[in-house]
Amino acid sequence: SPPLTRLKSPAAMRSQVRAVFLRKKKRQVPQVSSTYVDEDGEMKDYDYDDNGLTLDEIMIERETTKILGNHIDALTEEQRHIILLKYWYDKKDKDIAKIMGISETAVSTRLSRIKALLRERMEEESHD
């Protein structure tokens, strides 16, 4: 199941949403080999990537990104726009308000609802 606790902090949400938009932009996720050939020509298991994540952690991150991406796709256009401005472009609520022509309070409220909705959908999916 996806690591839902990672979506609770603002930094984690930003990271996952950015991963979703990057994945959409690239239209593919790079593959990671689980083995490599050492200097003696022997096949070895590859346990870590450059970020120090195990292959299991990499796969969980990819699955989380894929699932979150599907849920972002299901949002309304306005909701996707808010998420994109907040987490891709790092806009502050006041800047999003100006861009969208709504109050800063409305941005904050909608953002809170969107995050709660995404977490709820991710939670539901993890129990299936």
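Yes/no per residue for (1) open to solvent by less than 80 Å² (accessible area, probe 1.4 Å); (2) among the β-branched types (Val, Ile, Thr):
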position	(1), (2)
Ile82	yes, yes
Leu85	yes, no
Asp93	yes, no
Ile96	yes, yes
Ile99	no, yes
Arg110	yes, no
Leu117	yes, no
Met122	yes, no
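Conditions (1) out of contact with any Lys or Arg (no Cβ under 8 Å at 6 or more places or on another chain); (2) in a loop (DSSP other than H, G, I, E, B); (3) at pLDDT 70 or above, marked per residue:
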position	(1), (2), (3)
Gln31	yes, yes, no
Lys44	yes, no, no
Asn51	yes, yes, no
Glu57	yes, no, yes
Ile60	yes, no, yes
Lys66	no, no, yes
Ile72	no, no, yes
Leu75	yes, yes, yes
Ile99	no, no, yes
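The values are calculated or read from the model by the stated rules, or taken from the named source; none is laboratory data. In this text, all values refer to a predicted model and were calculated from it rather than measured experimentally. With ideal geometry, Cβ positions are generated from the backbone for all residues, glycine too; neighbour counts draw on all protein chains shown. The area values use the complete protein model at the heavy-atom level, side chains included, leaving out ligands, DNA and RNA. Shrake-Rupley method; radii C 1.70, N 1.55, O 1.52, S 1.80 Å.
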